[in-house]
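Novice: Submitted below is the structure of interest, expressed as structure tokens.
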Amino acid sequence: MKTRNIILYFVALLTFCSCQDMFEPADENTRQLDAMVQETDYVYGLLMYGYNRLPYIRTTQTDVATDDAVTNVAGDTYRKMATGEWKSDNNPMSQWNECKDGIQYVNLFLKYVNQVNWAQSAKSKQIMFIDRLTGEALGLRAILYYHLLLAHGGYDEGGNLLGVPLLTEPEDGSSDYNQPRATFAACVRQIFADCDAAASLLPGEYKDLDNEDDIPKKYRDAGAQLAGYNLVFGNMARNLVSAKVALAVKAQTALLAASPAYRSQSGVTSEEAAKICASALGDVEFDPDGNIWYRNVDKLASSTSYMPEIIWRANWEKAEASQETENFPPSLFGSGRINPSHNLVEAFPMANGYPITDSRSGFDANDPYKDRDPRLAEDIIFNGSTFKSVVIITGTYASPTKGADNKDNINDAGSAHTLTGYYMKKLLRNDAGPSISSSSAAVQPHIFPRIRATELFLAFAETANDAWGPRVKDASLNLSAYDVIKMIRQRGGIGKDETGAYVGDPYLEECANDATGEKMRELIRNERRIELCFENKRFWDIRRWQLPINETVKGVQIDLIDASQDAVPGNLRYTLLDVEPRQFESYQNFGPIPNSEVILWSALRQNQGW
């Protein structure tokens, strides 16, 4: 219903906003889109509205509705959802209105893009602008449909796997809005087609060229010169949809479609998905610092710095401290909002690569954070961690007399304390946010990744293992699932000795030698959980894998056994706590169609159970 008013709303709004005088003649406020092609700003605004509907979250939010974290904010929307308040008419995960509106804007833009004179002076610029803008629009449409499938794809009461209504033309006042949902498979194929078309029109990355011979032949033949090419496809266009972004979204869609929850009716096999993921990785570098990109201070300081790990990011923020003020421990004047779960902490193996549940790991329950995967200390603040030169004590024994601020205590009465015994560290800059001695926030540059290279490598590993097993290499990449997981674990510090030398990862070798691929599958899923924690991925992953969605979030309470002695291993008692039960129903593996839409349009079928 909302999209029916987009054209009239857009015309009125843009006309109003563009007027030098709001009291210009009334006919200025009733102009039609057909007339607006004479003014590029109006039509370009349609594309920008598509960008504005992108659903990417800039902070950690949805992880608190999973087994990876909770929040200490009592009224948090995702916390309410996870504890029994998720309804088809109360759905914080919904993308229905925003993404469908974005698709309408993009479809309108595609209708008019070829009619606009984008460049007054040169035919070559006109060709290049039309190619770029068309490619962007097709890429945006693919992204918006991908997120609609994530949030709303599912099985109806008849067991049919459905997506969303599939629209590639703009709707207008004469359109039939009572459209049925297309099959999930049809939506996937449309996304694939849009991604391929976008990639054929766009450069892999936007960057200034230094040599006219590097200009694509199509544009050189049309008379393009270096200055004109760089104007259209150069540095100024960074962060717009590129060919690399379009292929990455195709890979994300292929991974989703080949997952256990969808593969029976999606039309995408693991082999096809693996090849799509491999293609997306063709020009992607493996970044040796990719797991700690947010601490690369030199690169963060510039809006144009190249970071191999970041495929696509939101606009660079010159002055941000919200992540830090929200998530620093209270002793550092933060609010400690995101509390990692003990479930997640247990997912981190030992430094030798073995899971902590394996008898060969050397795990000591009386000293549980010793000799763990180094990524644990990078991502999570646990009892005894040093952060910003302060020792953070979350145990019940914390007190000023013992040199620690008791505001970090798990049982502290303040609203900012942790519920699990842990605080989030990943994504935070220790040179930003509140200082040790003041609650005033120091701002520092931040970036917010939309798609990371590591995500694509993990997608390839997952689909390649499912298709061919652990050790079979893709011919184009010359990589196997085993190779990728080895690179990721070795980068994180697994299998290295005290000097940093790599001495081997016997558990990885054991998993790779399992011909069924099952052990490697579990390892890949665990690596994805670790590498992408707090990046709003876990909610979707556990559902597409059809893992239990009702796993109770656990924490740990740490007490001194003998209060007269120091807090050392052997004098601390670790007690597991049930922090927050999850109240999801099995049908909630798939999100609902908004109830208001199902009531309004008879052709829309709801997902089963809602």
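The values are calculated or read from the model by the stated rules, or taken from the named source; none is laboratory data. Given the structure is predicted, the values throughout are model-derived calculations rather than measurements. Here Cβ is always computed from backbone atoms with ideal geometry, including for glycine, and neighbour counts include all displayed protein chains. We work out accessible area using only protein heavy atoms, side chains counted, and drop any ligands, DNA or RNA first. Shrake-Rupley method; radii C 1.70, N 1.55, O 1.52, S 1.80 Å.
Novice: Which three lengths, in whole Å and largest first, does the chain cover when its Cα atoms are put on their principal axes?
Specialist: Taking max minus min along each principal axis of the Cα atoms, the chain gives 83, 54, 54 Å.
Novice: Rolling a 1.4 angstrom probe over the protein chains, ignoring ligands and nucleic acids, what is the accessible area of D213 in square angstrom, nearest 10?
Specialist: Approximately 120 Å² of D213 is accessible to the 1.4 Å probe.
Novice: Here is a further query. Suppose every Lys and Arg Cβ carries +1 and every Asp and Glu Cβ carries -1, with no other charges. What dipole size does the chain come out with about its Cα centre, to the nearest 20 debye?
Specialist: Working: 61 positive and 81 negative charges, 80 e Å.
The calculated dipole for the chain is roughly 380 debye.
Novice: So what's the angle, to the nearest 10 degrees on a 0 to 90 scale, between helix 96-112 and the longest Cα principal axis of the chain?
Specialist: With both axes taken from Cα atoms, the answer is about 30 degrees.
Novice: OK, next. Which residue, chosen from V70, I410, A258, occupies the Cα position most advanced towards the positive end of the dipole of the chain, where the dipole is computed from +1 (Lys, Arg) and -1 (Asp, Glu) charges on Cβ about the Cα centre?
Specialist: A258
Novice: In addition: In the chain, if the dipole is taken from +1 on Lys/Arg beta carbons and -1 on Asp/Glu beta carbons about the Cα centre, which of I276, V443, Y306 is farthest to the positive end?
Specialist: With unit charges placed on the Cβ atoms, the residue in question is I276.
Novice: Can you list residues whose amide H is under 5 Å from A69's amide H, if they're 5+ apart or on another chain and H is modeled 1.01 Å from N?
Specialist: S341
Novice: Among the lysines, which have Cα under 23 Å from the Cα of K125 when same-chain residues fewer than 8 positions away are ignored?
Specialist: Filter leaves K111, K207, K217, K218, K244.
Novice: If you don't mind, there's one more thing I want to ask. With +1 on the Cβ of every Lys and Arg and -1 on the Cβ of every Asp and Glu, and nothing else charged, how large is the dipole of the range 132-280 about its Cα centre, in debye rounded to the nearest 20?
Specialist: That gives a dipole near 300 debye.
Novice: Using the Karplus curve 6.51 cos²θ - 1.76 cosθ + 1.60 with θ = phi - 60°, what ³J(HN,Hα) values do you get for each residue of the range 268-273, in whole Hz, with x for Gly and Pro?
Specialist: So the J values, rounded to whole Hz, are 10, 8, 4, 5, 4, 4.
Novice: For a quick check: with amide H placed at 1.01 Å from N, whose amide H comes under 5 Å from R605's, ignoring anything fewer than 5 positions away on the same chain?
Specialist: R181
Novice: Follow-up. Per residue of the range 370-376, in order, report the coupling 6.51 cos²θ - 1.76 cosθ + 1.60 (Karplus, θ = phi - 60°) as ³J(HN,Hα) in whole Hz, putting x for Gly and Pro.
Specialist: Running phi through 6.51 cos²θ - 1.76 cosθ + 1.60 with θ = phi - 60° gives 7, 6, 8, 2, x, 5, 4 Hz.
Novice: Provide Rg and Dmax in Å for the range 44-187, with only Cα atoms included in the calculation.
Specialist: When restricted to Cα atoms, the range 44-187 yields Rg and Dmax of 18.9, 60 Å.
Novice: Which lysines does K80 reach when only Cα atoms under 29 Å apart count, and residues fewer than 8 places away in its own chain are ignored?
Specialist: K2, K100, K407, K425, K426, K537, K554
Novice: When only the heavy atoms of the protein chains count and the probe is 1.4 Å, how do R573, R79, R544 rank by accessible area, highest first? Provide the component values of the computation, followed by the final result.
Specialist: Details: R573 110, R79 50, R544 10 Å².
Most to least solvent-accessible, the answer reads R573, R79, R544.
Novice: Here's something else I'd like to know. Quick check: the distance between the Cα centres of the range 581-610 and the range 83-155, to the nearest angstrom?
Specialist: If we compute the Cα centre of each part, the gap is 24 Å.
Novice: Also, quick follow-up: Which order do the peptides 152-163, 523-534 come out in when sorted by mean C-beta neighbours inside 10 angstrom, highest first?
Specialist: 523-534, 152-163
Novice: Given H placed on each backbone N at 1.01 Å, which residues far from I380 in sequence or on other chains put an amide H within less than 5 Å of it?
Specialist: It is K425, K426, by chain and number.
Novice: In the full protein assembly as shown, how much of E285 is accessible to a 1.4 Å probe, in Å² to the nearest 10?
Specialist: 90
Novice: Run the dipole for the range 202-324 about the Cα centre, Lys and Arg Cβ at +1, Asp and Glu Cβ at -1, nothing else charged, and hand back the magnitude in debye, nearest 20. All intermediate terms of the calculation are to be shown ahead of the outcome.
Specialist: Working: 13 positive and 18 negative charges, 95 e Å.
The dipole magnitude comes to about 460 debye.
Novice: Hey, what did the chain get for relative contact order, percent, Cα under 8 Å, at least 6 apart?
Specialist: 18
Novice: Trypsin sites (Lys or Arg not before Pro) within the range 300-361: which are DSSP loop residues with at most 14 other Cβ atoms inside 10 Å?
Specialist: Taking the range 300-361 and a limit of 14 other Cβ atoms within 10 Å, the loop trypsin sites (Lys or Arg not before Pro) found are R360.
Novice: Taking all protein chains in place and a 1.4 Å probe, what share, in percent, of the accessible surface of the chain do carbon and sulfur account for? Before the final figure, lay out the partial values.
Specialist: On the way: 12040 of 24960 Å².
That share works out to 48 percent.
Novice: How many nm separate the modelled label positions at N160 and K217, each set 7 Å beyond the Cα in the direction of the Cβ?
Specialist: Once both label points are built, they end up 4.7 nm from each other.
Novice: Taking the Cα centroid of the range 299-369 and of the range 217-241, what is the distance between the two, rounded to the nearest whole Å?
Specialist: 39
Novice: Quote the accessible area belonging to V297 in square angstrom, nearest 10, computed with a 1.4 Å probe and with ligands, DNA and RNA left uncounted.
Specialist: Accessible area of V297: about 70 Å².
Novice: Divide, for the range 329-380, the radius of gyration over alpha carbons by 2.2 N^0.38 Å, where N is the residue count. Don't skip to the answer; put the middle values down first.
Specialist: Working: Rg = 12.9 Å, N = 52, 2.2 N^0.38 = 9.9 Å.
It is 1.30.
Novice: Count the lysine pairs in the range 248-392 that are 8 or more places apart or on different chains: how many have C-alpha atoms under 21 angstrom apart?
Specialist: Details: K250/K275; K299/K318; K299/K388; K370/K388.
Within the range 248-392, the lysine pair count is 4.
Novice: Would you mind getting the accessible area per residue of the chain, heavy atoms of the protein chains only, 1.4 Å probe, in Å²?
Specialist: 41
Novice: Which values, in whole Å and largest first, are the semi-axes of the equivalent ellipsoid of the range 280-406 obtained as the square root of 5 times each eigenvalue of the Cα gyration tensor? Don't skip to the answer; put the middle values down first.
Specialist: Details: eigenvalues 183, 115, 24 Å².
In descending order, the three semi-axes are 30, 24, 11 Å.
Novice: Something else now. I'd like the Karplus ³J(HN,Hα) series for the range 156-165: coefficients 6.51, -1.76, 1.60, θ = phi - 60°, whole numbers in Hz, and an x wherever there's a Gly or Pro.
Specialist: Each residue of the range 156-165 in turn: 7, 5, x, x, 8, 7, 10, x, 9, x Hz.
Novice: Compute the distance from the alpha-carbon center of the range 523-580 to that of the range 61-81, in whole Å.
Specialist: That distance is 15 Å.
Novice: May I ask for log10 I(q)/I(0) of the range 297-346 at q = 0.28 Å⁻¹, from a Debye sum over the Cα atoms as equal point scatterers with solvent left out?
Specialist: So the normalised log intensities work out to -0.97.
Novice: Report the one residue of Q588, V553, A246 whose Cα lies farthest in the direction of the positive end of the charge dipole of the chain (charges on C-beta: Lys and Arg +1, Asp and Glu -1; origin at the Cα centre).
Specialist: A246
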